[in-house]
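Trainee: The following block contains the structure, expressed as structure tokens.
The values are calculated or read from the model by the stated rules, or taken from the named source; none is laboratory data. Keep in mind that this is a model prediction, so the values were computed, not measured. Here the Cβ positions follow ideal geometry from the backbone for every residue, glycine too, while neighbour counts run over all protein chains shown. Ligands, DNA and RNA are excluded from the accessible area calculation, which covers all protein heavy atoms including side chains. Shrake-Rupley method; radii C 1.70, N 1.55, O 1.52, S 1.80 Å.
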Amino acid sequence: MKMHRPLLALAISAGLLAGCTKDAAPPATAAEADAFVARVNETFRQTNPESASAQWLASTYINSDSQLIAAKAQERSLAQLKAFVEEARRFDGLELKPETARAIQLLKLATAMPAPKDPAKLAELTQIATRMEGMYGAGTYCSDPDDPGTCKQIGELSSVLATSRDYDAQLEAWAGWHTISVPMRDDYRRFVELVNEGARELGFADAGEMWRAGYDMDPADFRDETDRLWGQVKPLYEQLHCYVRGQLEEKYGEKGSVDGKIPAHLTGNMWAQQWGNLWDVLEPYKGVGSLDVSSRLKAQRDGEYNRLLASLGRAATAADQVELGRQADLAIAKAMNERAEDFYVSLGMPRLPESFYQRSQFIKPRDRDVVCHASAWDLNYQGDVRIKMCIEPTEEEFTTIYHELGHIYYYLAYNHLPPIFQSGAHDGFHEAIGDTIVLAMTPRYLSSIGLVDAPAQSREALINAQLKLALDKVAFLPFGLLIDRWRWGVFDGSIRPEDYNKAWWELRARYQGVAPAGERGEDFFDPGAKYHVPGNTPYTRYFLSHILQFQFYRALCEASGHTGPLHECSYYGSKEAGEKYWAMMAKGQSQPWQQTLKELTGGEQMDASAILDYFAPLQAWLEEQNRGKTCGW
Ligand code: X8Z
Ligand code: ZN
């Protein structure tokens, strides 16, 4: 199954009137509950691989047939899940083994897409979901609709933002991509009605409450918990925002900000969620410690291409050049994967199975539409793991591979558990595994694998390295929060369909201090231009992950025996760190996440002190830079 599968919690049992029905069935027993859970697990093992394969096809080969098959498969598995949840009501109020009780609780939360029981509505829901994801994957913008040569998809439009510093070129790429979601608006409105109906049938107020129930705590407390964490990191974000806005104003003059906010198309990223691509504009101490990984990767790819050309033994035709270009793209993509795998293996984790390299989608196919948004898959609970990406030789994609392999190794670590427990301790854990490894890709590590020069040791080098990382990790925090602030509001009705876009930009302004360059009225549906909205992947997980990964990092640094400043720690090669990490991952969601967190870090709370400690040098530097400026928006 895909990684964004279940996320579960101690929730709210439906607990209604057991024993008051007229034709009383014989009372259920705890032993029957155990047998029921065993049957559910066995059924998942038998049936989930088929729907995972159908989904894989629909994502890597978008057409009406693959969509039909994926929608049907999803229909069957959601209907089956619904039937199991209903059957489980027999056990309400019984004294059960803790493991059985947890499995039954988790069952209710085993999908982010609760379906209505009504078969017609269930079918409608899976068709809409499949269609929206397909629309996203096939999304294309043509600057001249009559000239296919001007058409671009997300990868090319993103690279305009990542590399062009031309204001208008960036605006066109941004606005162009945001046309692809306009036709999703009606589907999304209907989607919300249907999942809300499904969530209510399960006893939740709406689908948003159901999502918030997946954290081994009361859903109402979970909202407060995210507010608390945001409160901890907000001052750091505000300093970063202030500095970046100032630099953009220097570069673009008046157009560098919009009423104190950062223009949405000028951050180097389509969603203004990570700003690391702006490094060329923002690098404070030019050339101190070269951190330009992308150009090294690109050079390696071109080197491979030239090698292939030379070994051709004749003058290359245009067709040869295309073909060899593809071979070089694939070779570098695989080499980047092997590099990432090597880090995990250095920690004592297993090599990836051969099938991973045979069945993954590494580069964008030429002849069909696919969903390029990166994901990691476990197709059968027994080793058929894959990633699906459209890899380009850039630093961003390189770190995304490490991220995806985090999901893959989590799957492998908990594959021994019953399927119901095969998930992250909570979904933020799943997102944090690979990123924790990325944090250990220090300049020293990168230099050891030949991707940057020998690292410089100075205060300037430290600030450069910290700012570079903060542009991804700190800039991300409010974005990670606001997507579900929007969806929670949509699900609970406080954001109405006629205000979808208005509410979206209000949240973007409030949390991120980001604004569009022009009017974005209700003729647009800008949330739909972010994969996770049409893909229905909950997003708070990424916010939590950005807090947690620094906690994990600190714990693994300690396990590896690191002394000295935290940001210098890399546990590459540390079997001690690896063993501790693997033991944590092997627990899956078999116990409350608080317990799992405690086993790794010693504490039971998510807490921003690790990320704040990490960036303490940068925060002091930013405050100095911003002194005398009016920050905020
Ligand atoms: O979606 C992802 C991963 C797949 S789980 C590539 N991420 C979020 C995003 O791209 O929006 C990782 C960082 C945040
Ligand atoms: Zn992920």
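Trainee: Only residues that are of a type outside the set (D, E, K, R), touching a residue at least 40 places away in the same chain (Cβ under 8 Å) and open to solvent by less than 10 Å² (accessible area, probe 1.4 Å): list them for segment 431-441, please.
Mentor: Scanning segment 431-441 gives 432, 433, 436, 437, 439, 440.
Trainee: How many of the residues in segment 414-445 are among the aliphatic types (A, V, I, L, M), away from ligand 1 (no atom under 12 Å from the Cβ), in a helix (DSSP H, G or I) and within 22 Å of residue 610 (Cβ to Cβ)?
Mentor: Final tally of qualifying residues: 2.
Trainee: Considering every residue within segment 15-31, establish whether at least one is modelled with pLDDT of 95 or more and touching a strand residue (DSSP E or B) at 6+ places or on another chain (Cβ under 6 Å).
Mentor: Checked segment 15-31: no residue is modelled with pLDDT of 95 or more and touching a strand residue (DSSP E or B) at 6+ places or on another chain (Cβ under 6 Å).
Trainee: Same structure again: Quick check on residue 525: is it buried (at least 24 other Cβ atoms within 10 Å of the Cβ) and either of a type in the set (Lys, Arg) or over 24 Å from residue 611 (Cα atoms) (or both)?
Mentor: Yes; evaluated as a whole, the condition is true for this residue.
Trainee: Please state which one of 129, 103 is in contact with a helix residue (DSSP H, G or I) (Cβ under 8 Å, 6 or more places away or on another chain), within 24 Å of residue 53 (Cα to Cα), touching a residue at least 60 places away in the same chain (Cβ under 8 Å) and of a type in the set (A, V, I, L, M, F, W, C).
Mentor: So the residue among 129, 103 that is in contact with a helix residue (DSSP H, G or I) (Cβ under 8 Å, 6 or more places away or on another chain), within 24 Å of residue 53 (Cα to Cα), touching a residue at least 60 places away in the same chain (Cβ under 8 Å) and of a type in the set (A, V, I, L, M, F, W, C) is 129.
Trainee: Right, something else. Can you find, within segment 111-132, the residue that is nearest to the chain's Cα centre (by Cα) among those that are under 30 Å from residue 591 (Cα atoms) and open to solvent by 20 Å² or more (accessible area, probe 1.4 Å)?
Mentor: Filtering segment 111-132 for residues that are under 30 Å from residue 591 (Cα atoms) and open to solvent by 20 Å² or more (accessible area, probe 1.4 Å), the one nearest to the chain's Cα centre (by Cα) comes out as 111.
Trainee: Which one of these is open to solvent by 50 Å² or more (accessible area, probe 1.4 Å) and either touching a Phe, Trp or Tyr at 6+ places or on another chain (Cβ under 6 Å) or at pLDDT 95 or above (or both): 206, 227, 216?
Mentor: The match here is 227.
Trainee: Would you mind stating whether residue 484 is within 16 Å of ligand 1 (Cβ to nearest atom) and open to solvent by 10 Å² or more (accessible area, probe 1.4 Å)?
Mentor: On the way: within 16 Å of ligand 1 (Cβ to nearest atom): yes; open to solvent by 10 Å² or more (accessible area, probe 1.4 Å): no.
No, not satisfied.
Trainee: Restricting to segment 292-326, count the residues that are outside any helix (DSSP H, G or I) and closer than 25 Å to residue 162 by Cα.
Mentor: 1
Trainee: Name the single residue, out of those in segment 233-277 being assigned to a loop (DSSP other than H, G, I, E, B), in contact with a Gly (Cβ under 8 Å, 6 or more places away or on another chain) and among the small types (Gly, Ala, Ser), that is surrounded by the most Cβ atoms within 10 Å (Cβ to Cβ).
Mentor: Top of the filtered list is 268.
Trainee: Under the condition of being more than 14 Å from ligand 2 (Cβ to nearest atom) and more than 21 Å from residue 135 (Cα to Cα), which residue from segment 367-382 is most open to solvent (accessible area, probe 1.4 Å)?
Mentor: Across segment 367-382, the extreme among qualifying residues is 382.
Trainee: From the list 332, 363, which one is under 25 Å from residue 298 (Cβ atoms), open to solvent by less than 60 Å² (accessible area, probe 1.4 Å) and in a loop (DSSP other than H, G, I, E, B)?
Mentor: So the residue among 332, 363 that is under 25 Å from residue 298 (Cβ atoms), open to solvent by less than 60 Å² (accessible area, probe 1.4 Å) and in a loop (DSSP other than H, G, I, E, B) is 363.
Trainee: Still on this structure, I have one more. What's the number of the condition residue 411 fails, among (1) in a helix (DSSP H, G or I); (2) away from ligand 1 (no atom under 15 Å from the Cβ)?
Mentor: Exception for residue 411: condition (2).
Trainee: Still on this structure, please answer the following. List the number of the failed condition for residue 349; all other conditions in (1) outside any loop (DSSP other than H, G, I, E, B); (2) of a type in the set (A, V, I, L, M, F, W, C); (3) away from ligand 2 (no atom under 16 Å from the Cβ) hold.
Mentor: Against the list (1) outside any loop (DSSP other than H, G, I, E, B); (2) of a type in the set (A, V, I, L, M, F, W, C); (3) away from ligand 2 (no atom under 16 Å from the Cβ), residue 349 comes up short only on (1).
Trainee: Scan (1) within 30 Å of residue 415 (Cα to Cα); (2) in contact with a helix residue (DSSP H, G or I) (Cβ under 7 Å, 6 or more places away or on another chain); (3) surrounded by 16 or more Cβ atoms within 10 Å (Cβ to Cβ); (4) among the basic types (Lys, Arg) for the single condition residue 301 breaks and write down its number.
Mentor: (1)
Trainee: Now, a different point. Just a yes or no: is a residue in segment 556-569 crowded, with 22+ Cβ neighbours inside 10 Å, within 21 Å of residue 443 (Cα to Cα) and within 16 Å of ligand 2 (Cβ to nearest atom)?
Mentor: No, there is no match, as no residue in segment 556-569 is crowded, with 22+ Cβ neighbours inside 10 Å, within 21 Å of residue 443 (Cα to Cα) and within 16 Å of ligand 2 (Cβ to nearest atom).
Trainee: If a residue has to be more than 16 Å from ligand 2 (Cβ to nearest atom) and closer than 25 Å to residue 329 by Cβ to count, how many in segment 271-311 make the cut?
Mentor: Of the residues in segment 271-311, 26 are more than 16 Å from ligand 2 (Cβ to nearest atom) and closer than 25 Å to residue 329 by Cβ.
Trainee: Just wondering, is there one or more residues in segment 278-286 that are within 16 Å of ligand 1 (Cβ to nearest atom), part of a helix (DSSP H, G or I) and open to solvent by 10 Å² or more (accessible area, probe 1.4 Å)?
Mentor: The answer is no; no qualifying residue exists.
Trainee: Examine segment 493-501 for a residue that is out of contact with any His (no Cβ under 7 Å at 6 or more places or on another chain), at pLDDT 95 or above, under 22 Å from residue 230 (Cα atoms) and open to solvent by less than 10 Å² (accessible area, probe 1.4 Å), and state whether such a residue exists.
Mentor: The answer is no, given that none of the residues of segment 493-501 is out of contact with any His (no Cβ under 7 Å at 6 or more places or on another chain), at pLDDT 95 or above, under 22 Å from residue 230 (Cα atoms) and open to solvent by less than 10 Å² (accessible area, probe 1.4 Å).
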